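Heads up, the thing below is written out as structure tokens.
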Amino acid sequence: MGVMRRRRQPGLLAAAVIANLLIASIAMPTSAAKPTRTPKPSPTPTPVVTPTPTPTPTPTPTPTPTPTPTPTPTPTPAVTPTPSPTTWAPALRRYPYLTDVVGAYATVNFATDRSGSAATVQWGTAASGCTANSASATRTSITVNSVAEYQWKADLSLAPDTDYCYRVYLDATDLLGTDASPHFWTQVPAGSTESYSFAVFGDWGSVDATGNSHQANVIQQIARSGARFAITTGDTAYPTGSQANYGDLTQTGSGISAVFGQSFWTIPGRSIPLFNPTGNHGFNSYGLVNWPQDRAVSTSNGRYLTETYCCLNGTTSGSYPSAWYAFDAGTVRFYILEAAWSESNVGTATQYKNDADYHWTASSAEYQWLANDLAAHPNRLKIAAFHYPLYSDNAGQTSDVYLQGSASLEGLLGQYGVQMAFNGHTHMYERNNPNPWGMVSYVTGGGGAQLAGPDHCSAFDAYAIGWSQSNNAGKACKAPIPTSMTQIYHFLLVTVSGTTVTVAPTDELGRRFDVQTYAFNDIGPDTIPPTAPSNLKATAPDPHRVDLTWSASTDNVSVTGYWVWRDGVQIATLDGNTPAYSDATVASGTQYTYTITAVDAAGNVSPPSNEATVTTPVTMNVVQLTPTDDAYVEQDTPDTNYGRATSLRANANPLQNFLLRFNITGLSGQTVTSAKLRLYCVNASLTSGGDFHLATNSAWGQDTVTWNNAPAADPTSIATLGPVASGTWVEVDVTSVVSGDGALSLRVMKPSGAVWYSSKEGAQGPQLVVTFVGP
């Protein structure tokens, strides 16, 4: 579990600072430039009020305060109109939307009918143009309300904190038609103190036969909020999280297209990436398909797949999602957790208890992963998002007591200094007092599903509003009683500015309420470098490649990259999740020395690793040549040419010799280690396979050479073969006369008897096999 960290207390800044943060949101189309930043607090020194931690909560009712009048709604800024279906291609079924925007990566998702077999995403910066680069998309077959479709995703490797735009294609068809190219910003680099905002909402994706205007309004507000990304608190797509509930751009009806319909996530999703924890509604694999987070999962060693769960508390064996991961944005590390269970498989227990027993015992996979990751990232702001509420003042969707206390999730988060948690499940808004570890939790379940309200007031509750369906009236705890449901449907706009976090709940008409600012003063800049990479090893599997592996570095925030050095010169930069490299720029037969350094987001560089020295093997190249000319000549017919004969003959009676010429190229500057002449015997000799000499010149051709004009044999013999058998290959070592490029001309004779070999016009022509050391 690690050493207990010093408890961090959030503090409320004075009213003057809060007021400075209540500047109205600036309307911004989804394809606009970089999101508007919420202004930083005034530099005027202001005392910070540190709330006294609440002891272990006791559900003692607290009287509801006297209602105060509801403020007059502020005018809603104009929103960029939703494109008409006539503007995009008929094949488009889900408008492109973003996930997995972490580090320097992003995933573009969309769905189509099955009229095409290949899809791509073209993308670029404002400077390069939106179609400067192309990435192939992979597809998954899905069925949406009995309609066969393809779900596509394309993973992009980008630069961090950069404005990009993109378009999507099915085969050659631009699916966006006349729509403008969507823009988005890649993630704020880990460790950066840049200010940014993100949206939090939950319990949404609900429509009846007429749609859901409240949900549409909330999503419109998110689209123009300036949020860099969005996080839900689970329960996305009602009632079961099916692909029909998620829907598409064309189908409508009760429970259909509640997420990807034209009025919903289609609007902000093109520019605002979503991170979506699992809820009890939709506790299945569809959420994993629709919201891929491959990079966030891999870089945090998280889990994002379906697994078999069996059979605690009388539950039946089933395949359910295991979905948890972490990612960094500026000064904050975010934890997307799974705290949910199937409401249709409770056995002898409850949803809450089954979730706790499967996920939040000390031996469970998720608990151990979270403990390890929290311990590996000290000195960071930390925010967690999960579905079941730690504290809720609704009797039907009450506090999850199984997550409370030091032995469960709440204690684990508290032990490692997590400052804030966002929960859903209860369909209302509730801000809770800091728990015994100083962590503030929010319930934000007003994204679009049918509302609920607080029906009692507990000591832990600091501000809660909701709606009674049976009484058709507002409900509140320590807050003004709402007079309209438009005051309950909401999202949270959270602004991070260094170590200061402001939470601005915003209702569907754009009105802010219960705005709180928290100062976490013991979080400092990252000045600690990563540890040195260790156990560096270098191997050279072939003359032109060196493979490097090493043990990963660790860092107080995160290792974001590795630098590869060869002989003191940097040759490569890798991401922080890749402790291996192949150097394909080496020469054969050469010694190299490598080191590795690690770097974090703040630019802190580790000490170098150990040195690893390796020598690449020598390249042995082999070429096989065929003769340009071959022929035999005969003394008894001195003017006759036999250049087209199928055999090469060496004979003592009648006297016959044969000639071979090869044109050797490509050896300039190389060292020949072997040259072998290979001949196929077609007429055996029991005495000798021939006596081989250089010809005195190469100025002859096989179609004109005769005994009378053939070049003479050099007096020095290259080699003499012993007996040879018919139907076999024989080799003659001619290495002594092959040293580089040029013509090789040979004359072969036989002092006694006869031997015949196949010519190049025969079935098995001569070969010259040359082996040499290459570069």
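The values are calculated or read from the model by the stated rules, or taken from the named source; none is laboratory data. Computed from a prediction, not measured in an experiment: that's the story for all the values here. Using ideal geometry, Cβ is built from the backbone for each residue, glycine included, and neighbour counts are taken over all protein chains shown. We work out accessible area using only protein heavy atoms, side chains counted, and drop any ligands, DNA or RNA first. Shrake-Rupley method; radii C 1.70, N 1.55, O 1.52, S 1.80 Å.
Some values worked out for this structure:
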{"quantity": "Full-extension gain in nm, Thr308 to Ala572, via 0.36 nm per residue minus C-alpha separation", "calculated": "90.9 nm"}
{"quantity": "Potential extension, Asn472-Ser285 segment - 0.36 nm per residue separation minus Cα distance", "calculated": "63.7 nm"}
{"quantity": "Check: the chain dipole with +1 on Lys, Arg Cβ and -1 on Asp, Glu Cβ, in debye", "calculated": "1120"}
{"quantity": "Share of alpha-carbon pairs per 5 Å distance bin for the range 547-653, given as whole %", "calculated": "2, 9, 16, 13, 8, 6, 4, 3, 3, 4, 4, 5, 5, 5, 5, 4, 2, 1, 0"}
{"quantity": "Spin-label pair Val622/Ala395, simplified geometry with 7 Å Cα→Cβ offset, distance in nm", "calculated": "8.7"}
{"quantity": "Helix axis angle, 365-376 relative to the chain longest principal axis, alpha carbon, degrees", "calculated": "90"}
{"quantity": "Hz values of 3J(HN,Hα) by residue in the range 683-700 - Karplus curve (6.51, -1.76, 1.60), Gly and Pro given as x", "calculated": "8, 5, 9, 8, 10, 7, x, x, 10, 9, 10, 5, 7, 6, 7, 10, 8, 8"}
{"quantity": "DSSP-defined antiparallel bridges as percent of all bridges, the chain, nearest 5", "calculated": "90"}
{"quantity": "Accessible-area value, Arg512, 1.4 Å probe, nucleic acids and ligands omitted, Å²", "calculated": "70"}
{"quantity": "Percent of Cα-Cα distances greater than 48 Å, calculated over the chain", "calculated": "39"}
{"quantity": "Ellipticity estimate at 222 nm from DSSP helix runs (n ≥ 4, -39,500 (n - 2.57)) divided over the chain, nearest 500", "calculated": "-2000 deg cm²/dmol"}
{"quantity": "Estimated FRET transfer efficiency when R0 is 22 angstrom, pair Asp542-Thr771 (beta carbons, to 0.05)", "calculated": "0.85"}
{"quantity": "Percent carbon-and-sulfur accessible area, the chain, ignoring ligands, DNA and RNA, probe 1.4 Å", "calculated": "54"}
{"quantity": "Cα gyration tensor, the range 160-270 - rounded (a/c under 1.5), prolate or oblate", "calculated": "oblate"}
{"quantity": "Inter-probe distance in nm under a simple model that places probes 7 Å from Cα toward Cβ, at Ser134 and Asp639", "calculated": "6.9"}
{"quantity": "Along principal axes, Cα extents of the range 253-324, largest first, whole Å", "calculated": "42, 37, 14"}
{"quantity": "Hydrodynamic radius of the range 100-160 per Kirkwood, over alpha carbon pairs, in Å", "calculated": "12.7"}
{"quantity": "Average accessible area per residue (Å²) across the range 534-608 - probe 1.4 Å, nucleic acids and ligands excluded", "calculated": "44"}
{"quantity": "Heavy-atom surface of the range 397-443, accessible at 1.4 Å and reported per residue (Å²)", "calculated": "19"}
{"quantity": "Where a label projected 7 Å from the Cα of Ser364 along Cα→Cβ would reach, residues of the range 394-428 with amide N under 11 Å", "calculated": "402-404, 408-410"}
{"quantity": "Per principal axis, descending, Cα span of the range 709-775 in whole Å", "calculated": "44, 29, 25"}
{"quantity": "Kirkwood hydrodynamic radius of the range 133-185, from inverse mean 1/r over distinct Cα pairs, in Å", "calculated": "13.2"}
{"quantity": "Segment Asp163-Thr531, length gained on full extension (0.36 nm per residue, minus Cα span)", "calculated": "129.2 nm"}
{"quantity": "Charge tally in the Cβ shell below 13 Å around Asn212, where Lys, Arg are +1 and Asp, Glu are -1, Asn212 excluded", "calculated": "-3"}
{"quantity": "Mean projection area, nm², convex hull over Cα of the range 656-743", "calculated": "6.7"}
{"quantity": "Gap separating the Cα centres of the range 211-262 and the range 471-522, nearest whole Å", "calculated": "21"}
{"quantity": "Ratio of the Cα radius of gyration of the range 446-556 to 2.2 N^0.38 Å, where N counts its residues", "calculated": "1.97"}
{"quantity": "Accessible-area value, Met485, 1.4 Å probe, nucleic acids and ligands omitted, Å²", "calculated": "60"}
{"quantity": "Most to least packed among 168-178, 748-758, 562-572 [average Cβ atoms within 10 Å]", "calculated": "748-758, 168-178, 562-572"}
{"quantity": "From phi via Karplus (6.51, -1.76, 1.60), per-residue ³J(HN,Hα) for the range 216-226 in Hz, x at Gly/Pro", "calculated": "4, 5, 4, 5, 4, 5, 4, 4, 10, 7, x"}
{"quantity": "Cys with no candidate disulfide partner in the chain (beta-carbon separation under 4.7 Å rule)", "calculated": "Cys681"}
{"quantity": "Extreme residue, positive dipole direction of the chain, given options Pro541, His387, Leu625 (C-beta unit charges)", "calculated": "His387"}
{"quantity": "Percent breakdown of C-alpha pair distances by 5 Å bin, ordered from the shortest bin, for the range 406-457", "calculated": "5, 19, 24, 20, 15, 12, 4, 0"}
{"quantity": "Cα-only Debye scattering, the range 295-398: base-10 log of I(q)/I(0) at q = 0.10, 0.11, 0.24 Å⁻¹", "calculated": "-0.32, -0.38, -1.34"}
{"quantity": "11 Å beta-carbon shell around Gly762, net charge (K/R +1, D/E -1)", "calculated": "0"}
